[in-house]
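Below is one structure, written out as structure tokens, with a few remarks after it.
Every number here is computed from the coordinates shown, using simple stated rules; none is lab data. Computed from a prediction, not measured in an experiment: that's the story for all the values here. Glycine also receives a Cβ, built like all others from the backbone with ideal geometry; neighbour counts cover every protein chain displayed.
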Amino acid sequence: MRLIYFFLLPFLTCFTAAAQSSLAFTIKQLPLLQADAGKDTAVVMGSTVKIGGTAAASGGSGTYTYSWAPTTGLDRADIANPTATVNAAITYTLSVDDGRGCKKTASVNLKITAATAIDPISTALGLKLFPNPARSRLFLTTDRPVPAATLLLELYDVAGKKVYTTTLKGNRLLDHSLSLAPYLKGMYILKLTGNNFNSTFKVFVY
């Protein structure tokens with residue numbers, strides 16, 4: 001008789017639980033980059049004015065580079081607030097780069113206005129010179145009578161040579177016109193002198 005033996009071999013099955021992990025990210029969004037070229041301004045021809053806003057750039061990374069175009073009349077084109085010498089109406093465009101690929105532009109318009117007196121007495125009289133720049137004729141007026149018996153009006157070229165002079169009657173509203181036909185194109189200095197005031201204007205003939 002043959003005996004048959006059965007052996008049961010235990011098998012151990014291992015179950016490995018897969019560990020799951022998560023990473024938390026905090027994303028900080030920078031403020032949008034902004035550029036401010038300043039407010040549109042009317043200036044007397046030949047005068048200077050600073051351009052660019054109080055904060056010419058804001059937002060972005062906070063590290064800015066500036067570029068102004070055109071560069072005509074600017075003392076520098078790579079700073080936030082350059083000084084512009086204005087000899088004609090012009091539009092300046094500011095480009096701001098924050099160094100991280102963000103760029104922004106803004107523009108400012110500078111227009112030419114007639115020269116007005118800046119000393120207190122002439123300002124009180126409403127002294128005006130127009131048009132400026134002028135082509136053929138220049139006008140000098142006041143809103144109130146000039147408190148002086150006589151006024152001396154003189155015109156000088158850029159070399160300092162006197163090219164015109166006349167005496168005007170005072171104690172009345174000033175309404176004088178000057179022909180520019182004899183003069184070449186360029187800048188001149190007009191002086192109006194009275195008993196108690198002295199006004200000087202830059203005049204541009206074109």
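Structural remarks
- Other residues whose C-beta falls under 14 angstrom from the C-beta of R172 contribute a net charge of 0, scoring Lys and Arg +1 and Asp and Glu -1.
- Classification of segment 90-206 by its C-alpha gyration tensor yields a prolate form. The axis ratio a/c (a ≥ b ≥ c) is 1.5 or more, and a/b outweighs b/c.
- Under Karplus coefficients 6.51, -1.76 and 1.60, residue-wise ³J(HN,Hα) of segment 123-138 in Hz, glycine/proline x: 5, 5, 7, x, 5, 9, 10, 7, x, 8, x, 10, 9, 10, 8, 10
- Residues with amide H under 5 Å from that of A42, placed H, sequence gap 5 or more: K111
- For segment 34-113: rounded, prolate or oblate by the Cα gyration tensor [a/c cutoff 1.5]: prolate
- Taking S199, S61, S136 and counting other C-beta atoms within 10 Å, the order from fewest to most: S136, S61, S199
- Per-residue 3J(HN,Hα) values for segment 180-195, derived from phi via the Karplus relation 6.51 cos²θ - 1.76 cosθ + 1.60 with θ = phi - 60°, read 9, 4, x, 10, 6, 5, x, 9, 9, 10, 9, 10, 10, 10, x, 4 Hz in sequence order (x marks Gly and Pro).
- Segment 121-162: C-alpha gyration tensor shape, a/c 1.5 cut-off, then a/b vs b/c: oblate
- Taken one residue at a time, the phi angles of segment 90-102 give Karplus couplings (6.51, -1.76, 1.60, θ = phi - 60°) of 8, 10, 9, 10, 9, 10, 10, 10, 9, x, 10, x, 9 Hz. Gly and Pro are set to x.
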